[in-house]
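The values are calculated or read from the model by the stated rules, or taken from the named source; none is laboratory data. No experiment lies behind these values; they were computed from the predicted model shown. Using ideal geometry, Cβ is built from the backbone for each residue, glycine included, and neighbour counts are taken over all protein chains shown.
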Amino acid sequence: MSTIPSLADLHALGPAQQPTYPDRAKVDAAVDRLRTMPPLVFAGECDELKDKIAAVTRGEAFILQGGDCAETFAGVTADNVRNKLRVLLQMAVVLTYAASVPVVKLGRIAGQYAKPRSSDNETRNGVTLPAYRGDAVNGYEFTEASRVPDPQRLVDVYNSSAATLNLVRAFVTGGYADLRQVHTWNTDFVKTSPFGQQYEAMAHEIERALTFMKAIGADPDEFHRVDFHSSHEALVLEYEHALTRIDSRTQLPYDVSGHFVWIGERTRQLDNAHVELLSHIQNPIGVKLGPTTSADDALALAAKLNPTNEAGRLTFITRFGAGKIRDGLPSLIEKVTAEGLQVAWICDPMHGNTFEASSGYKTRRFDDVIDEVQGFFDVHRALGTWPGGLHVELTGDDVTECVGGGEELTDMDLSARYESVCDPRLNRVQSLELAFLVADMLRS
Ligand code: PEP
Ligand code: MN
């Protein structure tokens, strides 16, 4: 195992999407502080997750990865975390039943605080300021002072992630994730919403399966607790580097800021710092692949990030857009498969489908999201490969950020409760509808 590059080595590669900090001494102080902090996750947990994702590469498990586009420090409240977790668990039950394989549950949570931006600046009413890059970097408030990158925020990311993970761990092991309870929430959804009723048949089937298990006296541990893992985009090098540690058990480096980290569409250049850093860690990792990705790009990324072709190590998260996936995805899968590469393929049906509504809000159409997932399933089915999962931006709250769905949210509804500080998320109801619709795709 080659040694981990230093932060200076990484910066020498000219990394994209990094904050321009005004005071380097303060950055060094924050990084020094972070280096002393305990790990947020354990290397052994990352290994367990890698084994689970290895099952996805074999077609024996399905991934559900979801959460906010951008977590915020203000969003670290018990209600917010619980609602997000609840909707993910509800979706996971439906998907598990439909797929008849384990669903690997991954939150975009406890670390998802840094955002790549398409423009360095933002202009409002003739005033231009640096873009908001996530709470990890600067403040959302549109003032000059708030938009200055502050390295102390990296320490705040650590503390917010620790608080979130602590609560998540308590929820998933402390009875909250009880399977019957989660199913009751789903039957409530089906009963109480007019458009939920079309999913009644499946909810009823799940009910019968649970009743059968109870009747025969089966009550495994798995009914009362779930495995849940954290994930985020590894973007700010200072943070990810400071949390990259040598595991005392194996003597190998892990990024202990989260179980799974991914490289975004804007930072996946082969010879750049993000690919370099993540090539040295042992965690399971992902790479976002957008519509400009060539099959050779995918092969080169796999060669650099997973040279031993270890199953579970590498997940390709495709985000083509509903209109492009059917044409763009097949050649990537064909070449990667022909090379015998072990990768999990998962579909991000969000980032290729963003547009600005006439009301000025950034939004996504629920139908486009469904159409991209359908395209993803169609392509994999045609090629005989496994559509391994979903990567979605969602919240457990009743926000109005994406249009469409059974509630038929329109452009005019967006202003009612638009709370995302970055990309539009599926709300609670849209997320559950997505799960039921994908369940149908898994079964057909
Ligand atoms: C994201 O996941 O929020 C994101 C920025 O995605 P991408 O890198 O695919 O654009
Ligand atoms: Mn996003």
(message) Looking at Met91 and the list (1) in contact with a Leu (Cβ under 7 Å, 6 or more places away or on another chain); (2) within 16 Å of ligand 1 (Cβ to nearest atom); (3) assigned to a helix (DSSP H, G or I), which single condition is not satisfied?
(response) (2)
(message) Please go through (1) touching a residue at least 60 places away in the same chain (Cβ under 8 Å); (2) part of a helix (DSSP H, G or I); (3) of a type in the set (Ser, Thr, Tyr) for Tyr176 and return the number of the only condition it doesn't satisfy.
(response) (2)
(request) Kindly list the number of the only condition in (1) aliphatic (A, V, I, L, M); (2) within 16 Å of ligand 2 (Cβ to nearest atom); (3) buried (at least 21 other Cβ atoms within 10 Å of the Cβ); (4) farther than 20 Å from Pro284 by Cα that fails for Ala131. (result) (3)
(request) Taking only the range 363-395 into account, find how many residues are of a type in the set (D, E, K, R), surrounded by fewer than 24 Cβ atoms within 10 Å (Cβ to Cβ) and more than 23 Å from Arg417 (Cα to Cα). (result) 3
(message) Filter the range 86-124 down to the residues that are within 20 Å of Gly174 (Cβ to Cβ), out of contact with any Ser or Thr (no Cβ under 6 Å at 6 or more places or on another chain) and of a type in the set (A, V, I, L, M) and list them by number.
(response) Leu88, Leu89, Ala92, Val93
(request) Give me the pairs, please: first residue somewhere in the range 417-442 and buried (at least 18 other Cβ atoms within 10 Å of the Cβ) and among the acidic types (Asp, Glu), second residue anywhere and outside any helix (DSSP H, G or I) and modelled with pLDDT under 95, beta-carbon distance under 6 Å, and either six or more positions apart or on two chains. (result) Glu433/Gly406
(request) Could you tell me which residue of the range 293-324 is surrounded by the fewest Cβ atoms within 10 Å (Cβ to Cβ), considering only residues that are part of a loop (DSSP other than H, G, I, E, B) and among the polar types (S, T, N, Q)? (result) Thr308
(message) Given the criterion under 25 Å from Phe62 (Cβ atoms) and without any contact (Cβ under 8 Å) to a residue 40 or more places away in the chain, identify the matching residue among Asp188, Asp227.
(response) Asp188
(request) Would you tally the residues in the range 259-282 being assigned to a strand (DSSP E or B) and either in contact with a helix residue (DSSP H, G or I) (Cβ under 8 Å, 6 or more places away or on another chain) or away from ligand 1 (no atom under 14 Å from the Cβ) (or both)? (result) 3
(message) Checking the conditions here, which among Val261, Val275 is within 16 Å of ligand 2 (Cβ to nearest atom) and at pLDDT 95 or above?
(response) Val261
(request) Scan the range 28-75 residue by residue and report those that are among the acidic types (Asp, Glu) and more than 16 Å from ligand 1 (Cβ to nearest atom). (result) Asp28, Asp32, Glu45, Asp47, Glu48, Asp51, Glu60
(message) What's the number of the only condition in (1) more than 15 Å from ligand 2 (Cβ to nearest atom); (2) touching a Ser or Thr at 6+ places or on another chain (Cβ under 7 Å); (3) closer than 25 Å to Glu71 by Cβ that Tyr418 fails to meet?
(response) (1)
(message) Just to check your reading of the model, which residue among Pro15, Pro19 is surrounded by 14 or more Cβ atoms within 10 Å (Cβ to Cβ) and either within 30 Å of Gln342 (Cβ to Cβ) or of a type in the set (Phe, Trp, Tyr) (or both)?
(response) Pro15
(message) For the range 245-260: of the residues being in contact with a Ser or Thr (Cβ under 8 Å, 6 or more places away or on another chain) and in contact (Cβ under 8 Å) with a residue 60 or more places away in the chain, which is nearest to His351 (Cα to Cα)?
(response) Phe260
(request) Give me the pairs, please: first residue somewhere in the range 101-119 and of a type in the set (Lys, Arg), second residue anywhere and part of a strand (DSSP E or B) and within 13 Å of ligand 1 (Cβ to nearest atom), beta-carbon distance under 7 Å, and either six or more positions apart or on two chains. (result) Arg108/Gln65; Arg108/Gly66; Arg108/Gly67; Arg108/Ser231; Arg108/His232
